[in-house]
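Undergrad: Take this structure, written in structure tokens, and hold onto it; I'll ask about it next.
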Amino acid sequence: QNLHFGADGFLTLHFEKNKHLLYQSDKNTVIIISSPEKTVFNYITTFSYLFLSCFILVLILGLILKIAPFNWRVAHTDLSTKIQLFIIASIFFSFILFSWGTTYYIKKQYHEKNKNNIAEKVQSVLIELSHKLGAENQLTAAKYEEMTYYLVKFSNVFYTDINLYNKDGLLLASSRPEIYNIGLVSKLMEPNAFKQLHFNNKSTFIHQEKIGKLNYLSAYVPFRNDNNKILAYMNLPYFAKQNELENELSAFFTSLINVYGLLFLISAVIAVFFANYISEPLR
């Protein structure tokens, strides 16, 4: 379509819930800056943050300063004031408990999702590796090149590191051998995982491991040949993206503050009128 720019070279368009500012610098060049349209929710969000910030600031100043208008004091003996404080405190503590409970649930669901992801991935890698090395009767250092080739190949396919340990828990091959060669990770299998697979005959073992300050999930399964004989133990470390969890929590707290900011204000207004209405007959 033909665009009609103003005398200053600017044009504003609203399209697909976005606002676009166009500037024509010359006949062959148009610069476009776009941003989402403001909605009622955006203004509510701003109000909630400003209200809570001002409320906390006034509360702190009222407890510290002794000069007007911050020298207010709560009349603890007044019945209507007690009712108001009770209603507001109930809203505040419900906010704290709900935040804690939901945060715990989000983290738990996130870790469960990661466990399911790595459990599915380790079984897929195990099937593919069995097709290549399942006919072997023994995996030794002599087959290092072959094992490394397949581990690197499947690592690129499944986007995960893959390690193979012998039945004594010593590293046989890895898709990323450099981290073992420089001593960042031990070439010995993690003790608890070795105990669960070697002595307790677990079919799958998933737990948290740590490199420096980095925590990650790590899955271990026995690798068997076509005759169901255990040849080695396969390990898949799963480096889940921490920012995914942080984004989920950030989105949750943003929505929660928006809702509870308004709810807190409404409850405070209701508390004033409700407390006066209840206490009037008693007075």
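Undergrad: Can you pull out the residues in the stretch 169-196 that are over 16 Å from I230 (Cα atoms), in a helix (DSSP H, G or I) and among the polar types (S, T, N, Q)?
TA: Selection gives N181, N192.
Undergrad: Give the stretch 244-283 a look and list any residue that's without any contact (Cβ under 8 Å) to a residue 24 or more places away in the chain and within 16 Å of the chain's Cα centre (by Cα), or say none.
TA: Listed by number, the residues that qualify are E246, N247, S250, A251, S255.
Undergrad: How many of the residues making up the stretch 94-110 are without any contact (Cβ under 8 Å) to a residue 40 or more places away in the chain and either charged (D, E, K, R) or open to solvent by 80 Å² or more (accessible area, probe 1.4 Å) (or both)? Explain how you work it out, then say what you get.
TA: Step one: list which residues in the stretch 94-110 are without any contact (Cβ under 8 Å) to a residue 40 or more places away in the chain, which gives 94, 96-97, 100-101, 104-105, 108-109.
Now restrict to residues that are either charged (D, E, K, R) or open to solvent by 80 Å² or more (accessible area, probe 1.4 Å) (or both): 97, 100, 104-105, 108-109.
Residues meeting the conditions: 6.
Undergrad: Hey, another quick one. Output the number of residues of the stretch 12-33 satisfying the condition of being over 40 Å from the mean Cα position of the chain (by Cα) and not basic (K, R).
TA: The initial filter retains those residues of the stretch 12-33 that are over 40 Å from the mean Cα position of the chain (by Cα), namely 24-29.
Narrowing further to those that are not basic (K, R): 24-26, 28-29.
Here the count works out to 5.
Undergrad: Okay, next question. Looking at the stretch 126-135 only, could you name the residues that are closer than 15 Å to S175 by Cβ and open to solvent by less than 50 Å² (accessible area, probe 1.4 Å)? Write out each step before concluding.
TA: In the first step, residues of the stretch 126-135 are kept if they are closer than 15 Å to S175 by Cβ; the result is 126, 128-129, 132-133.
L126, L129, L133 - these are the residues of the stretch 126-135 that are closer than 15 Å to S175 by Cβ and open to solvent by less than 50 Å² (accessible area, probe 1.4 Å).
Undergrad: If you scan the stretch 91-125, which residues turn out to be of a type in the set (G, A, S), closer than 30 Å to L256 by Cβ and at pLDDT 85 or above?
TA: Of the stretch 91-125, the ones of a type in the set (G, A, S) are 94, 99, 101, 119, 124.
When the remaining residues are screened for being closer than 30 Å to L256 by Cβ, the result is 94, 99, 101.
Matches in the stretch 91-125: G101 only.
Undergrad: Can you name every residue in the stretch 11-20 that is open to solvent by 70 Å² or more (accessible area, probe 1.4 Å) and either of a type in the set (D, E, K, R) or at pLDDT 85 or above (or both)? Quick ask: steps written out before the conclusion?
TA: So the first thing to find is which residues in the stretch 11-20 are open to solvent by 70 Å² or more (accessible area, probe 1.4 Å), and the list is 14-17, 19.
Matches in the stretch 11-20: E16, K17, K19.
Undergrad: Related question: Just name the residue that is least open to solvent (accessible area, probe 1.4 Å) out of those in the stretch 27-45 that are modelled with pLDDT under 80 and charged (D, E, K, R).
TA: Step by step, filter the stretch 27-45, then rank; the result is K38.
Undergrad: Regarding the stretch 136-159, can at least one residue be identified that is touching a Phe, Trp or Tyr at 6+ places or on another chain (Cβ under 7 Å), modelled with pLDDT of 85 or more and buried (at least 17 other Cβ atoms within 10 Å of the Cβ)? Even if it seems obvious, please write down each step before you answer.
TA: Filtering the stretch 136-159 for residues touching a Phe, Trp or Tyr at 6+ places or on another chain (Cβ under 7 Å) gives none.
No, the stretch 136-159 contains no residue that is touching a Phe, Trp or Tyr at 6+ places or on another chain (Cβ under 7 Å), modelled with pLDDT of 85 or more and buried (at least 17 other Cβ atoms within 10 Å of the Cβ).
Undergrad: Among the residues of the stretch 187-227, which ones are of a type in the set (G, A, S) and under 20 Å from S155 (Cα atoms)? So that I can check it myself, show each step before the final result.
TA: To start, the set of residues in the stretch 187-227 that are of a type in the set (G, A, S) comprises 193, 203, 212, 218-219.
Across the stretch 187-227, the qualifying residues are S218, A219.
The values are calculated or read from the model by the stated rules, or taken from the named source; none is laboratory data. Not measured: the values here are computed from a predicted model. We place every Cβ from the backbone using ideal geometry, glycine too, and count neighbours over all the protein chains shown. To get the accessible areas, we keep the full protein, side chains included, count just its heavy atoms, and leave off ligands, DNA and RNA. Shrake-Rupley method; radii C 1.70, N 1.55, O 1.52, S 1.80 Å.
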